[in-house]
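The block underneath contains the structure these notes are about, expressed in structure tokens.
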Amino acid sequence: MGAVFAQESGTVDPVSFGFTSVSTSGSNRAVVDMNGDFLDDIVSISSTNVNILEQQADGTFVTRNISTTSANYTPSWSLAAADYNRDGYTDLLYGGGSGVTFMRSDGTGSGFVEVSGPEFVFSQRSNFVDINNDGDMDAFVCHDVAPNVYYINDGTGALTFNQGGLGDYPSGGNYGSVWIDYNNDGLLDMFIAKCGGEVARRTNQMHLNNGDGTFTENGAAIGLADPMQTWSSAWGDFDNDGDMDVFVGASSGAHKLMRNNGPGAGYTFTDVTAASGVLSVTATGIENATYDFNNDGFLDIASNGNILYGNGDLTFTTIDFGAISGSNGAFGDLNNDGFVDAFNSGFIRFNSGNDNHWLVINTVGDPSNINGIGARIELTTDSGTQIRDVRNGEGFRFLSTLNTHFGTGADTNINTLVVKWPSGTVDTFEDVAVDQVVTIYEGQPLSVEEQTNEVALTVYPNPATEILQLDYRTPLNDAQYTIYNLNGALVQSGVVANKSINVAALASGAYVVKIETGGAVINKQFLKQ
């Protein structure tokens, strides 16, 4: 893995969060891109409506409501979102108290088809994830009172219900599932934060991915089989040594911080809570998540509204208690400034930011799942290497951004950026600028969403029907364009005329338009209705 990330540790540059009220309809559940432009939107749900505040390039929001048939189950316990039928539009999973409903995009971007099974499921955390690593997005749901359930995708978007083999304690106790690669073998494993009465029911589990579609529970063997009461955990490389550590947040009792001992010790875990500073947060609850809120290159922890700022050495500093909502909410970049914001209960908590640098990465997989969930991203600057796993489902109830965020502190250039896809493909890029959003299509050259030192480009309307307009601050002289579908096939090309492209001949679906001019190459994803 390279050197440990070596920004100055122990000196915290905190950020603040300002509250902005927004109007939503339904239960506030997610911050995630819904319309294919890679900007995080705000999603609220009712039984017959999906309420979306679509983020615009200028940081404003446009309200969109998509009516649905009455859902058999609503996301009273959790929500997950991803493109499981690979049509370029985001689908939803509602985890209810007695069953699971899928709202599958109808392929137009303006409607959903409800799919609800007859099975009783007392849902807790839910995730979209490619469980059997066949390139198709599956779904997993924690069951509170029985063995966990999962839904295997046949490749067409049809999901088959399964129960057994991924957390089989008879009376459940399964609350917070996180899919991470804890042993660096390129396969997603699953940690379950558990809660309940008897010790066996509430003992946390790790399910090791065997690589053949089966899993082995090995929590006791690696030091994570703890009978503490917990509803969620926060995973990340808190000491930037190349493997994932974990903060297990207590719903009652005391929190714990567990260090991954790495390959030399078989990726076992050691309790390092006592000297870590995490016990300064005595508030307990159900929501815990990991992000670099101040972009200093060290991962922080959001625990029930408090932010523990990482010092890069498995110690944490808490500056302000209750910095965000007590239940955390959903996280994402809601003004596209490179700093992670929060949303809950009708309020956006905008991150004030600072002078630190950042990079945001969008992943588009093929043959891996289209959202790139399960990919390992390694970013190296002069200070060292950081890692992230592309994940679906942080904390307990909410669904946070699918975009992957890095802070780089004072470093102004990324020496190498490596993406290890679930398919086994490895993409490597060198000399990547900071303070930008990049989109990485599996097996293809780097795609710049907005290169701040070159050309800033916005495409609209999105979705488009006939004419795709281009808005840019720097003239695009004699700009050439090419349009590709999400399978990488060229479908249209030409010269940009009057800041627009006629896309009327394209079939409905998701596309990428590549603009080339003056040495700049910019790619933007758009939807055609």
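The values are calculated or read from the model by the stated rules, or taken from the named source; none is laboratory data. Predicted, not measured: the structure shown is a model, and the values here were computed from it. For neighbour counting, all protein chains shown are included, and Cβ atoms are generated from backbone atoms with ideal geometry for every residue, glycine included.
Please identify the pairs in which a residue from the range 419-435 that is closer than 22 Å to N295 by Cβ has its Cβ atom under 8 Å from the Cβ atom of a residue that is among the small types (G, A, S) and surrounded by 20 or more Cβ atoms within 10 Å (Cβ to Cβ), counting only partners at least 6 apart or on another chain.
Short answer, once both residue conditions are applied: V419/G372; V419/A375; D435/G338.
Does any residue in the range 82-109 that is touching a residue at least 40 places away in the same chain (Cβ under 8 Å) and surrounded by fewer than 23 Cβ atoms within 10 Å (Cβ to Cβ) come within less than 6 Å, Cβ to Cβ, of a residue that is assigned to a loop (DSSP other than H, G, I, E, B) and of a type in the set (D, E, K, R) six or more places away or on a different chain, and which pairs are these?
G107/D87
Does the range 244-268 hold any residues that are touching a residue at least 40 places away in the same chain (Cβ under 8 Å), in contact with a helix residue (DSSP H, G or I) (Cβ under 8 Å, 6 or more places away or on another chain) and not aromatic (F, W, Y), and which are they? Explain how you work it out, then say what you get.
So the first thing to find is which residues in the range 244-268 are touching a residue at least 40 places away in the same chain (Cβ under 8 Å), and the list is 244-249, 251, 255, 257, 259-260, 263, 266-268.
Filter again for in contact with a helix residue (DSSP H, G or I) (Cβ under 8 Å, 6 or more places away or on another chain), leaving 247, 255, 257, 266-268.
Within the range 244-268, H255, L257, G266, T268 meet the criteria.
Quick check on my filter: what residues within the range 321-365 are aromatic (F, W, Y) and within 19 Å of L79 (Cα to Cα)?
The initial filter retains those residues of the range 321-365 that are aromatic (F, W, Y), namely 321, 331, 339, 343, 347, 350, 358.
Residues satisfying the conditions are F331, F343, F347.
Conditions (1) touching a residue at least 60 places away in the same chain (Cβ under 8 Å); (2) farther than 24 Å from F269 by Cα; (3) crowded, with 19+ Cβ neighbours inside 10 Å, marked per residue:
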{"site": "A158", "(1), (2), (3)": "no, yes, no"}
{"site": "G164", "(1), (2), (3)": "no, yes, no"}
{"site": "D168", "(1), (2), (3)": "no, no, no"}
{"site": "Q205", "(1), (2), (3)": "no, no, yes"}
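Hey, any hits in the range 356-366 for a residue that's buried (at least 23 other Cβ atoms within 10 Å of the Cβ), part of a loop (DSSP other than H, G, I, E, B) and assigned by TED's automatic domain parsing to the domain that holds G135?
No: the range 356-366 contains no residue that is buried (at least 23 other Cβ atoms within 10 Å of the Cβ), part of a loop (DSSP other than H, G, I, E, B) and assigned by TED's automatic domain parsing to the domain that holds G135.
Tell me, yes or no, whether the range 210-233 has at least one residue that is in a strand (DSSP E or B) and within 18 Å of the chain's Cα centre (by Cα).
Looking only at the range 210-233, we keep the residues that are in a strand (DSSP E or B), and these are 215-217, 229-233.
Keeping just the survivors that are within 18 Å of the chain's Cα centre (by Cα) gives 232-233.
Within the range 210-233 (the criterion being in a strand (DSSP E or B) and within 18 Å of the chain's Cα centre (by Cα)), the answer is yes, since at least one residue qualifies.
In the range 170-184, what count of residues is obtained for those that are surrounded by fewer than 21 Cβ atoms within 10 Å (Cβ to Cβ) and either over 21 Å from G236 (Cα atoms) or free of Cβ contacts under 8 Å to residues at least 40 places away in the same chain (or both)?
2
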